[in-house]
Amino acid sequence: MNFASAWLTPQTAATAAFVMVVGLTILGALIAVGARSIFHNVLGLCLSLFGVSGIFLFLNSPFVALMEILIYVGAICIAICFAIMLSQPQYLKGPPRSFLKSLGAVLGAGSVLAFLTLLTRKTKWVPAAKRSTDWSITTIGHYLLTNYALIFEVISLLLLVAMLGAIVTAREGRGSS
């Protein structure tokens, strides 16, 4: 066995792919939080949500991964982009960032990270049950109308709130001009 085949195992490739997906998620989150342009913030959010859908794929949940892309990236981020396009222009100078607000945001995010890290370390993880490999349209429709009916309704409410938020933001943007 040579050196390349010892390093190029399926487990190594899966680990490398997982690290890339997590890196994509973190990079998108950093862009979403740190960019000065609100449009770049939304693009960072989209990138981060694509990474989260990749994590769902690693968790063997292709349906949740697809819904993540369809709902959050496809609907929420697009609604935010419409709200940005209909709001105040970027060439107008915005207020300066407050050091105390930035410090509070960093402390808040750090405490959430510490809590989630503690939560994941203290949780006793059990393997998931064996899932079906049949993901046809009929099976997904059956799941949406039986097992996941509540989730389906919550998703529709989320899309409704996103559309209403975009409309309200657009109306306020026009009224201030």
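Figures for the structure shown
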quantity	calculated
Helices (runs of 4 or more DSSP H) within the stretch 1-62 that include 1 or more residues within 18 Å of the chain's Cα centre (by Cα) and over 22 Å from Thr133 (Cβ atoms)	10-34, 38-58
For Tyr91: the one exception among (1) over 23 Å from the mean Cα position of the chain (by Cα); (2) modelled with pLDDT of 90 or more	(2)
Where a residue in the stretch 59-71 is under 19 Å from Pro127 (Cβ atoms) and its partner, wherever it lies, is in a loop (DSSP other than H, G, I, E, B) and small (Gly, Ala, Ser), with Cβ under 7 Å and at least six apart	Asn60/Ala128
Tally, over the stretch 83-104, of residues that are part of a helix (DSSP H, G or I) and either surrounded by 10 or more Cβ atoms within 10 Å (Cβ to Cβ) or on the phi > 0 side of the Ramachandran plot (or both)	6
Meets criteria (modelled with pLDDT of 75 or more, part of a helix (DSSP H, G or I) and within 30 Å of Leu92 (Cβ to Cβ)) for Leu164	yes
Total residues in the stretch 110-142, condition under 23 Å from the mean Cα position of the chain (by Cα) and touching a residue at least 24 places away in the same chain (Cβ under 8 Å)	3
Ala32 being under 19 Å from Ala166 (Cβ atoms), in contact (Cβ under 8 Å) with a residue 24 or more places away in the chain and not β-branched (Val, Ile, Thr)	no
Residues that are closer than 17 Å to Val64 by Cβ and polar (S, T, N, Q), drawn from the stretch 102-135	Ser132, Thr133
Residue check for Leu107: in a helix (DSSP H, G or I), out of contact with any helix residue (DSSP H, G or I) (no Cβ under 7 Å at 6 or more places or on another chain) and closer than 30 Å to His40 by Cα	yes
Matching entry among Val73, Val21, Val42 (being over 28 Å from Ile140 (Cβ atoms) and touching a helix residue (DSSP H, G or I) at 6+ places or on another chain (Cβ under 7 Å))	Val42
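The values are calculated or read from the model by the stated rules, or taken from the named source; none is laboratory data. Owing to the predicted nature of the structure, the values given are computational and were not obtained by experimental measurement. When we count neighbours, we look across all protein chains shown, and the Cβ atoms used for this are built from the backbone with ideal geometry, even at glycine.
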